[in-house]
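Data first, discussion second: the structure below is written as structure tokens.
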């Protein structure tokens, strides 16, 4: 994921400390119903040939990549749906493969198609939205939240379009939206209005932890769930990435203590081997800090490679 990525020479000037919580979180998180949060960790795709001999067995066939992925992760940010809506037959097949191979409950978290979010900008997208929903609803109990990622050009002037679109969706469909235009965060009134919209509709806002756009770390919850997209910096800065994940583990434990119910944490790297390393580290950190019990990833090669 190259969006918001800072140049390596600029990293030393970045403040990686997580910002304080939004005041809204006090209303959303309920200490009276505190319990163990459900934690889901994954990547954005399973079809990575470079994972053979590293995460997957060396002779794994491409047709078996999902089988192997589901043995190591309990969720996926389904980036493929962004480019092409899967057929109902594919959705059913993937659901069965995950159920047969996963060690625990597995969730698919599909991204809304680019045609809806970027080309049509949510307007006049009823037909393709219906096609998308028909497909992803076939995941059944394996359907996690859907990711609606808007382009940089989608600004606060389009708030009504966002409201109309979210209101048109099934009420029991959980959606987390990632807004990238800076004005959603720099203009207090726009920020207030969009988060009030999410709260009213009981939908969420993606928290994106990326080096060059720290404004996307809004730390604001509108439902007792959080969807985090963590963008690492690569092998040269791996220790910094580890420290950033440690900080997330501590913040998530605090939110869990206050009543957070679900965590969706997805790893993104230009180097997909690093995505696996970061995911393995995150799973271990969350198990130790949050008390989650996600099966830990055992790499087939040294993690120092």
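Things worth noting here:
- Of residues in the stretch 230-252 being within 15 Å of the chain's Cα centre (by Cα) and in a helix (DSSP H, G or I), the one farthest from residue 174 (Cα to Cα): 245
- Considered as a group, the residues in the stretch 46-56 that are in a loop (DSSP other than H, G, I, E, B) and without any contact (Cβ under 8 Å) to a residue 60 or more places away in the chain include one that is surrounded by the fewest Cβ atoms within 10 Å (Cβ to Cβ), and that residue is 47.
- Some residue of the stretch 218-229 being at pLDDT 95 or above, in contact with a strand residue (DSSP E or B) (Cβ under 7 Å, 6 or more places away or on another chain), assigned to a helix (DSSP H, G or I) and surrounded by 20 or more Cβ atoms within 10 Å (Cβ to Cβ): no
- Residue 99 being assigned to a loop (DSSP other than H, G, I, E, B) and surrounded by fewer than 17 Cβ atoms within 10 Å (Cβ to Cβ): no
- Residues satisfying the stated conditions in the stretch 123-134, i.e. within 23 Å of the chain's Cα centre (by Cα) and buried (at least 18 other Cβ atoms within 10 Å of the Cβ): 129, 132
- Among the residues of the stretch 192-217, the ones that are crowded, with 20+ Cβ neighbours inside 10 Å and touching a residue at least 24 places away in the same chain (Cβ under 8 Å) come to 11 in all.
- Applying the set (1) at pLDDT 95 or above; (2) in contact with a helix residue (DSSP H, G or I) (Cβ under 7 Å, 6 or more places away or on another chain); (3) farther than 22 Å from residue 46 by Cα; (4) not in a loop (DSSP other than H, G, I, E, B) to residue 255 leaves exactly one unmet item: (2).
- Here the condition is being within 19 Å of residue 86 (Cα to Cα), surrounded by fewer than 18 Cβ atoms within 10 Å (Cβ to Cβ) and under 17 Å from the mean Cα position of the chain (by Cα); of 173, 137, 148, it holds for 173 alone.
- Of all residues in the stretch 233-257, those that are at positive phi have Cβ atoms under 6 Å from Cβ atoms of residues that are surrounded by 15 or more Cβ atoms within 10 Å (Cβ to Cβ), 6 or more apart or on another chain, in 234/274.
- The one condition from (1) under 26 Å from residue 51 (Cα atoms); (2) touching a residue at least 24 places away in the same chain (Cβ under 8 Å); (3) within 19 Å of the chain's Cα centre (by Cα); (4) in a helix (DSSP H, G or I) that residue 284 does not meet is (2).
- Exactly one residue out of 122, 137 is within 26 Å of residue 223 (Cβ to Cβ), touching a strand residue (DSSP E or B) at 6+ places or on another chain (Cβ under 9 Å), in a loop (DSSP other than H, G, I, E, B) and at pLDDT 95 or above: that is 122.
- The stretch 11-45 - residue that is assigned to a helix (DSSP H, G or I) and in contact with a helix residue (DSSP H, G or I) (Cβ under 9 Å, 6 or more places away or on another chain) and, of those, surrounded by the fewest Cβ atoms within 10 Å (Cβ to Cβ): 31
- Among (1) in a helix (DSSP H, G or I); (2) free of Cβ contacts under 8 Å to residues at least 40 places away in the same chain, the one test that residue 296 misses: (1)
The values are calculated or read from the model by the stated rules, or taken from the named source; none is laboratory data. Remember, it's a predicted structure, so these values are computed and weren't measured experimentally. Positions of Cβ are backbone-derived with ideal geometry, glycine not excepted, and every protein chain shown enters the neighbour counts.
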